[in-house]
Structure formats: structure tokens, C-alpha cells
Amino acid sequence: MNAKELRAKDEAALKQELKDLLETEFKLRIQKSTQQLQNTAAIRTTRRDIARVRTILTEKANTK
């Protein structure tokens, strides 16, 4: 997911996206702790996506 796609979404959709990403991150951390995670790079990618969504939410809040 890139920043252009996220900037096109409204605030409610971004909040839902953030909620979904946080859930995904939690599931990945649980898988990692139980030695079931195959793709460890998924955690890093998810964390960056979370940061990207939070940044865009902050940008939208500051422009109001």
C-alpha cells in the first residue's frame, strides 16, 4: 500500500485500515512468539504501513 492510495481515502476508511493493520500486527507477533511465523519481514512491512496510515491521519487532522 502506498501513500497515494491512502491519501485518496477518507478519515473513517483510514481509521478502519489502521484498526485492521494493528490486528494483523498482533496476530503476526503471536505467530512469531509461538514459532509459527514463516515470513518475518511481514512484521516490518505491517509496522511501516501502520506508521504510514498514522502519518496521513495526522496530516488530514492538521489541514482542518
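Please treat every number below as a calculation from the coordinates, not as lab data. Please read these numbers as outputs of a predicted model, since none were measured by experiment. We place every Cβ from the backbone using ideal geometry, glycine too, and count neighbours over all the protein chains shown.
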Under 17 Å from a point placed 7 Å out from the Cα of Lys9 along the Cα-to-Cβ direction: which residues of region 40-57 have their backbone N that close?
45-57
Give me the dipole magnitude in Debye, nearest 20, for region 1-47 about the Cα centre, with unit charges on the beta carbon: positive for Lys and Arg, negative for Asp and Glu.
200
Output wanted: per-residue J couplings in Hz (rounded whole) for region 27-38, from phi through Karplus 6.51 cos²θ - 1.76 cosθ + 1.60, θ = phi - 60°, x for Gly and Pro.
4, 5, 5, 5, 4, 5, 5, 9, 6, 10, 7, 8
By how many degrees, between 0 and 90 and to the nearest 10, does the Cα long axis of helix 41-63 differ from the longest principal axis of the chain?
20
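Could you pull out the pairs from Lys4/Lys64; Lys19/Lys60; Lys9/Lys64; Lys27/Lys64; Lys32/Lys60; Lys19/Lys64 whose alpha carbons sit more than 25 Å apart here? Don't skip to the answer; put the middle values down first.
On the way: Lys4/Lys64 19 Å; Lys19/Lys60 17 Å; Lys9/Lys64 16 Å; Lys27/Lys64 34 Å; Lys32/Lys60 34 Å; Lys19/Lys64 22 Å.
Pairs exceeding the cut-off: Lys27/Lys64; Lys32/Lys60.
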